[in-house]
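First the structure, in the form of structure tokens, and then the observations on it.
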Amino acid sequence: MVRKPDLQTLFGESSATTFLGLPSCDDLSLLDAHIAIIGAPCATPYKSVGAYCANGPDGIRKGMSAFTANLTHYDFDVGGEILPHNIKAVDHGDLAFDENDSAGNRENIRKAVRQVLEKRAVPIILGGDDSIPIPMLEAFAGRGKFTILQIDAHIDWRDSHEGERMGLSSTMRRASEMEHIDSIVQVGQRGLGSARPSDVEDAVNWGANFISARDVCAKGVDTALEFIAPGAKVIVCLDCDGLDPSVMPGVIGRAPGGLSYWHIIDLIEGVSRKAEIAAMDLVEFMPERDLDGMGALTAGRIVTTAMALIARQSASVR
């Protein structure tokens with residue numbers, strides 16, 4: 001057997017345990033940065049699966065561990081340094097959670113996001129299960145109107161499942177009930193999922209815009225970006241199963257025909273050019289189902305590029 005190259009040593013990895021070696025910020029009330037990474041291992045798990053993505057945030061950090069000494073290097077995906085112009089980003093670490101206290105988990109997420117927003121910073125949430133967007137979105141109440149860009153294989157418009165209305169199948173249904181959400185653009189649907197015909201009908205009647213994975217692959221990301229209003233404040237909700245399993249195997253429900261890494265990057269960059277990214281979450285990364293760290297690296301690179309785009313957005317308004 002050929003020994004696997006030690007890229008960590010080759011790239012000069014530091015001993016940091018934060019995302020990309022960013023400074024840590026244990027107390028968000030003292031936040032002094034433009035961007036805050038927050039790990040949210042669990043929100044509202046269904047009893048049938050439990051906190052199945054609880055190791056996701058740590059897995060994503062480990063997926064980028066080889067690059068912890070490279071934060072100031074040139075990144076060709078963004079055309080420069082990741083954090084230019086003295087823009088600061090920090091990692092708060094993981095929020096506490098109790099698999100048997102969903103209400104408490106949701107409050108921890110809402111509180112953390114509110115603290116970041118009060119400091120006029122942009123939160124990036126590393127999940128964690130697919131229900132995390134609900135409390136994250138709730139934290140934006142009273143701060144104006146927002147558009148959601150959801151990238152997901154599923155539409156998540158079920159009113160309840162297993163008797164739970166705050167679970168992973170209901171995120172966009174709950175979002176549609178929030179007064180501060182005035183537009184939902186959903187990208188990447190494919191295959192046979194949890195949606196009933198009535199769920200799709202309810203979403204369309206509310207005004208949600210669907211752009212399937214097949215449409216994106218055939219026509220490009222502009223078919224989705226045209227639904228983003230210029231200057232809108234956009235919250236990006238990315239479920240890892242929106243990506244094709246060839247680059248993102250570490251999800252609970254794999255399905256062929258998903259979006260590529262570049263589709264995701266072009267969508268996020270397109271939003272940053274046309275509107276304002278107010279927050280982002282990345283959920284449903286399941287390290288236990290990953291293959292040789294491929295999904296962790298893909299998720300980490302998406303977060304890195306999103307952070308760089310948000311940094312440039314922050315620099316332009318200083």
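Results, tabulated for the structure shown:
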{"item": "Ile265 being in contact (Cβ under 8 Å) with a residue 60 or more places away in the chain, assigned to a helix (DSSP H, G or I) and closer than 29 Å to Ala139 by Cβ", "result": "yes"}
{"item": "Test: residue in region 279-300 that is in contact with a Ser or Thr (Cβ under 7 Å, 6 or more places away or on another chain) and surrounded by fewer than 21 Cβ atoms within 10 Å (Cβ to Cβ)", "result": "no"}
{"item": "Counted residues, region 110-128 - those being touching a helix residue (DSSP H, G or I) at 6+ places or on another chain (Cβ under 8 Å), over 16 Å from Asp27 (Cβ atoms) and surrounded by fewer than 20 Cβ atoms within 10 Å (Cβ to Cβ)", "result": "1"}
{"item": "Options Arg173, Arg214: the member that is surrounded by fewer than 18 Cβ atoms within 10 Å (Cβ to Cβ), in a helix (DSSP H, G or I) and of a type in the set (D, E, K, R)", "result": "Arg214"}
{"item": "Answer residue from region 83-109, given it is part of a helix (DSSP H, G or I) and in contact with a Ser or Thr (Cβ under 9 Å, 6 or more places away or on another chain) and is surrounded by the fewest Cβ atoms within 10 Å (Cβ to Cβ) among those", "result": "Ala103"}
{"item": "Criterion (more than 21 Å from Val122 (Cβ to Cβ) and aliphatic (A, V, I, L, M)) met by exactly one of Val303, Val283, Val216, Val234", "result": "Val216"}
{"item": "Any chance Ala40 is modelled with pLDDT of 95 or more and more than 21 Å from Asp152 (Cβ to Cβ)", "result": "no"}
{"item": "Any hit, region 273-292, residues being modelled with pLDDT of 95 or more, acidic (Asp, Glu), farther than 28 Å from Glu138 by Cβ and part of a helix (DSSP H, G or I)", "result": "yes"}
{"item": "Residue in region 299-315 that is closer than 22 Å to Asp215 by Cα, in contact (Cβ under 8 Å) with a residue 12 or more places away in the chain, assigned to a loop (DSSP other than H, G, I, E, B) and of a type in the set (A, V, I, L, M, F, W, C) present", "result": "no"}
{"item": "Residue that is farthest from Ala255 (Cα to Cα) [pool: residues in region 124-168 that are assigned to a helix (DSSP H, G or I) and modelled with pLDDT of 95 or more]", "result": "Glu138"}
{"item": "Residues located in region 19-43, provided they are in a strand (DSSP E or B) and either farther than 23 Å from Cys53 by Cβ or of a type in the set (A, V, I, L, M) (or both)", "result": "Ile35, Ala36, Ile37, Ile38, Ala40"}
{"item": "Residue list for region 222-251, filter: in contact (Cβ under 8 Å) with a residue 60 or more places away in the chain and of a type in the set (Val, Ile, Thr)", "result": "Ile228, Val234, Ile235, Val236"}
{"item": "Within region 139-170, considering residues that are more than 17 Å from Val49 (Cβ to Cβ) and of a type in the set (Gly, Ala, Ser), the one surrounded by the most Cβ atoms within 10 Å (Cβ to Cβ)", "result": "Ala139"}
{"item": "Complete set of residues in region 236-262 that are more than 17 Å from Gly59 (Cβ to Cβ), part of a helix (DSSP H, G or I) and of a type in the set (A, V, I, L, M, F, W, C)", "result": "Trp262"}
{"item": "Some residue of region 195-202 being hydroxyl-bearing (Ser, Thr, Tyr) and assigned to a loop (DSSP other than H, G, I, E, B)", "result": "no"}
{"item": "Extreme residue, modelled with the lowest pLDDT, among residues of region 209-257 that are charged (D, E, K, R) and within 18 Å of the chain's Cα centre (by Cα)", "result": "Arg254"}
{"item": "Some residue of region 70-83 being at pLDDT below 95 and either touching a Gly at 6+ places or on another chain (Cβ under 7 Å) or of a type in the set (Asp, Glu) (or both)", "result": "yes"}
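The values are calculated or read from the model by the stated rules, or taken from the named source; none is laboratory data. In this text the structure is predicted, and so the values were computed from the model without any measurement. Virtual Cβ from ideal backbone geometry, glycine too; neighbours counted across all protein chains shown.
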